[in-house]
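A.B. asks: Mind looking over this structure? Questions follow.
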Amino acid sequence: MAKTKTTDKEKLGEPASPEVDSSQYVKSNLVILPELRDLIPPLRPEETQQLESNLLADGIKDPLTVWETTSDVIGTTSAAGNLPDQEGGKGPVYVLIDGHNRYTLARQHGLDYPVHILHFDDISQVRDYMINYQLGRRNLTPEQASYLRGLRYNKMKEENRSERINVAEHLAGEYKVSTRTIKRDAEYAKGLDELSPGLKSEVLGGKTKFPRAAAKALAKEKPDKPIQNAEELNRLLERLPKAFTSLDDLKETPEAQEDEKSREITNLIQRLVGEETEAVGGRKQTKRQAPKAVGLRQELKQLVEGDLSSKEVIQLIIHKAQALLNTLE
């Protein structure tokens, strides 16, 4: 379990403490590990603009989360060349693990920010923390949530070689989806991880189309090097046994389309049923709702926790969601 401490706790008018001086050192020596940064789903352009406006208007209130470790714990990574020189690899290294978008904007506009330090035993624990933390957020797109669930399934499956637990059933129960969805998420994550970081970011950011059938085909093919762009992916797909003409010819089956529809509805309802709506950048706004809206939220919560494979339940959820939206308007 991670141990924590928060810096930048000085009060207005009081002299800076050694802890504050330490926080300035941390911020001056932050390390970005691409393999961890790429676990953070990219913001859509409108979300980036909103976040930038919020930060320029109010400053950065929420701390950036930092992993305090040493270079020998990190080991060989894609950012090994960026680590500070240390004798024996025992000196402190500060790795950013949450707040990458805020950090980028802070550097662009010269904004100060607090930092929150966590301690983990190894980078595997950090990955688990980051995936679980991102899945707990409400502003993920269906593709982003699918990718993160798939990453978690694939890692748990690798660690559960003895089959002590049914990983698909475990995660399906946790995220209120079907086991079939979890397994399709796993294929989707494997396929996405065969793309270059830039192309994967475009897919998760909604800029580039990447049908699930293409992800499935790519996961099975396991190319020798990351796919750099859609043209390269098309050329690879054309060589596969099914001889796909292009990405446009990869059609989802009716069953897969229905499963995707259920996932999108679930994502929408989970946003609607929350008593709080979370804004980009971590700020929360609590809205007072009429008794009717509160009742509809509770009904939706119960429905979403039920069996989403039933068309009747999906139709009822849609009806209740529309009623809630009408009430909120």
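A.B. asks: Which members of the range 53-73 meet the condition of being loosely packed, with under 14 Cβ neighbours inside 10 Å and at pLDDT below 90?
C.D. replies: 72
A.B. asks: While we're on this one: Within the range 190-209, identify whether any single residue is modelled with pLDDT of 80 or more and more than 19 Å from the chain's Cα centre (by Cα), and answer yes or no.
C.D. replies: no
A.B. asks: For the range 170-184, check the following and say yes or no: at least one residue is touching a residue at least 24 places away in the same chain (Cβ under 8 Å), under 17 Å from residue 41 (Cβ atoms) and not aliphatic (A, V, I, L, M).
C.D. replies: Within the range 170-184, one or more residues are touching a residue at least 24 places away in the same chain (Cβ under 8 Å), under 17 Å from residue 41 (Cβ atoms) and not aliphatic (A, V, I, L, M).
A.B. asks: Something else now. Looking only at the range 148-167, which residues are of a type outside the set (Asp, Glu), over 19 Å from the mean Cα position of the chain (by Cα) and within 26 Å of residue 35 (Cα to Cα)?
C.D. replies: Answer for the range 148-167, where residues must be of a type outside the set (Asp, Glu), over 19 Å from the mean Cα position of the chain (by Cα) and within 26 Å of residue 35 (Cα to Cα): 157, 160, 161, 167.
A.B. asks: Quick check: anything in the range 3-21 under 26 Å from the mean Cα position of the chain (by Cα), at pLDDT 65 or above and surrounded by 13 or more Cβ atoms within 10 Å (Cβ to Cβ)?
C.D. replies: no
A.B. asks: Here are some residues: 215, 168, 172. Which one is closer than 15 Å to residue 146 by Cβ and in contact with a Gly (Cβ under 7 Å, 6 or more places away or on another chain)?
C.D. replies: Being closer than 15 Å to residue 146 by Cβ and in contact with a Gly (Cβ under 7 Å, 6 or more places away or on another chain) holds for just one of 215, 168, 172, which is 215.
The values are calculated or read from the model by the stated rules, or taken from the named source; none is laboratory data. What you are looking at is a predicted structure, and each value in this text was computed from that prediction instead of being measured. Reconstructed Cβ throughout: ideal geometry from the backbone, glycine too, with neighbour counts over all protein chains shown.
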